[in-house]
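Read through the structure below, which is laid out as structure tokens, and then see the notes.
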Amino acid sequence: MSRFLGLPPIIVAGMTPTTVSWDFVTATMDAGYHIELSGGGYFNSLMMTDAITKIEKAIPAGRGISVNLIYVNPRAMAWQIPLIGKLRSEGVPIEGLTIGAGVPSMEVAQEYIETLGLKHISFKPGSVDAIQSVINIARANPHFPIMLQWTGGRGGGHHSFEDFHQPILQMYGRIRRQENIILVAGSGFGGVDDTYPYITGEWAKKYGYPPMPFDGCLFGSRMMVAKEAHTSNDVKEAIVAAPGLEDSDWEQTYKGPAGGVLTVRSEMGEPMHKLATRGVRFWAEMDQKVFSLPKQKRVTELNRNKDYIIKKLNDDYQKVWFGRNKEGNAVDLADMTPAGSTTPTPSSSVTTFIVSRSD
């Protein structure tokens, strides 16, 4: 990876919202590292074009921009891919594309490689079958650099439910036979002791295998506490204060709070690890009681528990129930009037934030 990019073997992963901020991206690039601008935080082409233009003007000469897009969001992909092609044709130095939360078909991947004018493309497979799909794409394009970013389930950001190590132990030989694949490890990394064994390959020895080095490592949640990140100071302190878990115990977060972390479902139905705040615990409760139901049954369940849900929103969540009359009672929006209603004022500040959502 260092030989290809000419940079240290570390990637700052595309994460919503952390790497949505163009100035955080440029600060990381100024420091000499590779980073992905997260497309997950942009909702129209004007916003995204403005951010990419600002990055282009601020970064060192000769450096290229990489963009991370969320494949399971087809509405965004429908305008973001054409935008990248348009900007690239205009000379904007977009050199890399990362496809998160799903590996596209061979035909779609081939179109990206052949039409967007990129220097490299990255995929984030979530299973052994998806790893094989990336290998197949690389085999069909033997002279085009393909990054395979593997995080497994402990990364949490729309990627996988899988163990981190077993799929790599199983597929390492196949991956390495494809010389144009750059293999990158992610999820939970951030220090010398936990990162270096994956660069040297020593991690594999404890499983009875010879060394299996990765070409680089992916940093995600750790970057949320960086000085330049827009994360609030209170949130940074909460992240640092979370005790965390040993690698072998991370799946406990699927069952309940563990190590200060809880796994919930994103709006796209994928797992995300979050700090176990009151708001996130309520989110997990809603996952279990409402969002797990068939869609046609959810409204009935919401109405049946309406008073309880409104109280939990107002007490524990950062997005409170909007409707409230002048007596302070919750009402439906249709019952609010200019004379008899006021907008709500939260009684307390509750923060819900993502611990790791690398896109």
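The values are calculated or read from the model by the stated rules, or taken from the named source; none is laboratory data. Model, not experiment: these values are computed from the prediction. Note: ideal-geometry Cβ built from the backbone for every residue, glycine included; neighbour counts use all protein chains shown.
Tell me the helices (runs of 4 or more DSSP H) entirely within the stretch 239-316 that contain at least 3 residues that are closer than 27 Å to ASN73 by Cα and among the basic types (Lys, Arg). Quick ask: steps written out before the conclusion?
Working: elements: 278-286, 295-304, 306-316.
Passing ranges, in order: 295-304.
Among the residues of the stretch 104-114, are any part of a helix (DSSP H, G or I), surrounded by 22 or more Cβ atoms within 10 Å (Cβ to Cβ) and without any contact (Cβ under 8 Å) to a residue 40 or more places away in the chain? Step through it out loud before you land on a result.
Filtering the stretch 104-114 for residues part of a helix (DSSP H, G or I) gives 106-114.
Narrowing further to those that are surrounded by 22 or more Cβ atoms within 10 Å (Cβ to Cβ): 109.
Those left that are additionally without any contact (Cβ under 8 Å) to a residue 40 or more places away in the chain: 109.
The answer is yes; a qualifying residue exists.
Just to be sure I understand the filter: pairs with C-beta atoms under 7 Å, separated by 6 or more residues or on different chains, first member in the stretch 27-42 and in the same structural domain as GLY220 (by TED's automatic domain parsing), second member acidic (Asp, Glu). Which pairs pass?
As it stands, the answer is ALA27/GLU228; SER38/ASP359; GLY40/ASP359, since those pairs meet every condition given.
Go through the residues of the stretch 248-265 one by one and say whether even a single one is surrounded by 16 or more Cβ atoms within 10 Å (Cβ to Cβ), out of contact with any Pro (no Cβ under 9 Å at 6 or more places or on another chain) and closer than 20 Å to VAL320 by Cα.
Within the stretch 248-265, not a single residue is surrounded by 16 or more Cβ atoms within 10 Å (Cβ to Cβ), out of contact with any Pro (no Cβ under 9 Å at 6 or more places or on another chain) and closer than 20 Å to VAL320 by Cα.
With the requirement that a residue be among the aliphatic types (A, V, I, L, M), more than 16 Å from the chain's Cα centre (by Cα) and within 16 Å of TYR198 (Cβ to Cβ), what does the stretch 1-24 give you? Outline the logic, then answer.
Taking the stretch 1-24 first, the residues among the aliphatic types (A, V, I, L, M) are 1, 5, 7, 10-13, 15, 20.
From the residues that got through so far, the ones that are more than 16 Å from the chain's Cα centre (by Cα) too are 1, 5, 7, 10.
Across the stretch 1-24, the qualifying residues are MET1, ILE10.
Looking at GLY188, GLY201 in this structure, which one is crowded, with 19+ Cβ neighbours inside 10 Å and either modelled with pLDDT of 90 or more or within 24 Å of SER122 (Cα to Cα) (or both)? Working first, answer last.
On the way: GLY201 fails: crowded, with 19+ Cβ neighbours inside 10 Å.
Residue meeting the stated conditions: GLY188.
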